[in-house]
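The values are calculated or read from the model by the stated rules, or taken from the named source; none is laboratory data. Because the structure is predicted, anything quoted here is derived from the model rather than measured. Note that we place each Cβ from the backbone using ideal geometry, even for glycine, and neighbour counts take in every protein chain shown. What goes into the accessible areas is simple: the full protein's heavy atoms, side chains included, and nothing from ligands, DNA or RNA. Shrake-Rupley method; radii C 1.70, N 1.55, O 1.52, S 1.80 Å.
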Amino acid sequence: MDKFSNFFEKIFPFLQETSLTLFKAIVILIIGFYLAKFTQTKINKIISKKDEILGNFVSQIVFIGILIIAIVTMLGNIGVQTTSILTVLGTAGVAIALALKDSLSSIAGGIVLIILRPFKKNDTIEIGNISGNVEAINLFNTMIRMPDDKLVILPNRNVVNANIINCTNSDKRRIEWIFGIKYSSDIQKVRRILKNVIAKMEKIDSKIAPFVGVTDFGSNSLNFTIRVWAKIEDNVFALRSELIEKTKEALDEAAIEIPPQKLDITFLTRFEGNQ
């Protein structure tokens, strides 16, 4: 019993000191996390008043930075030498950089996107065959919401190296439609009909002269091209559909036929006989 009491008396101060050290470390980590979260929210709110994407990006960097400082402070508090921590971090950083070079290039790509600003939040952009509205530029990726509500998440390194088309740089769009008529049709009559249809559509921009004319000789039709302009807010897609419908109705009323697609197939037969 005396041996047990002596052992307890010797180890109790050690346990007390260790518990206090661990408690301090946990407190530092918790305070660091909430401080990082609080600072992230505040910075995001302040910067987002002028630029939402920039606010989101900077706040993420600040959050990670404060969290790293809190972890280093916590490790230093439990007795780990700060110089040793920095040495380990430097060595680990090299290994991590080699293993996660694609992720680091995405971070660099995000910084480039923030600096050059080829687009901002809610801009409609096209990257390859992907088209949609920009929702956010994060540390590692860019988020794009497509017209069918699918969310596309692209690594920043892919975005910064791609050909980006910003469709929101102007408040209007050009509507183009190509269709064919019979070669025997009266070209001038068709042109008058088309211009009359365009003139009656109020949402088509009358300040920009429309183009209506023959642009190609098709295999079984004379191809007309219509080019008009309209504001994005007037739903360009729906307006194009309306233009096609009204054109079809006007041509039908004037008895001008749009020929169907025709494919000619020729069979070659070889006869072999005795000579």
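Observations
- By a 1.4 Å probe calculation restricted to protein chains, residue 241 has an accessible surface near 50 Å², given to the nearest 10.
- Per-residue extension of 0.36 nm, minus the Cα-Cα distance of residue 19 and residue 256, leaves a gain of 76.1 nm for this segment.
- Inter-probe distance in nm under a simple model that places probes 7 Å from Cα toward Cβ, at residue 129 and residue 107: 3.3 nm
- The share of accessible area on region 116-183 that comes from carbon and sulfur is 49 percent, using a 1.4 angstrom probe.
- The HN-Hα couplings worked out from phi for region 50-63 by the Karplus form 6.51 cos²θ - 1.76 cosθ + 1.60 (θ = phi - 60°) are 9, 8, 5, 5, 4, x, 5, 5, 5, 5, 5, 4, 5, 4 Hz, whole numbers, x standing for Gly and Pro.
- Note on region 18-47 and region 103-144: Cα centroid distance 30 Å, given to the nearest whole angstrom.
- Positive-end residue, region 140-264 charge dipole about Cα centroid, Cβ charges, pick of 159, 232, 180: 159
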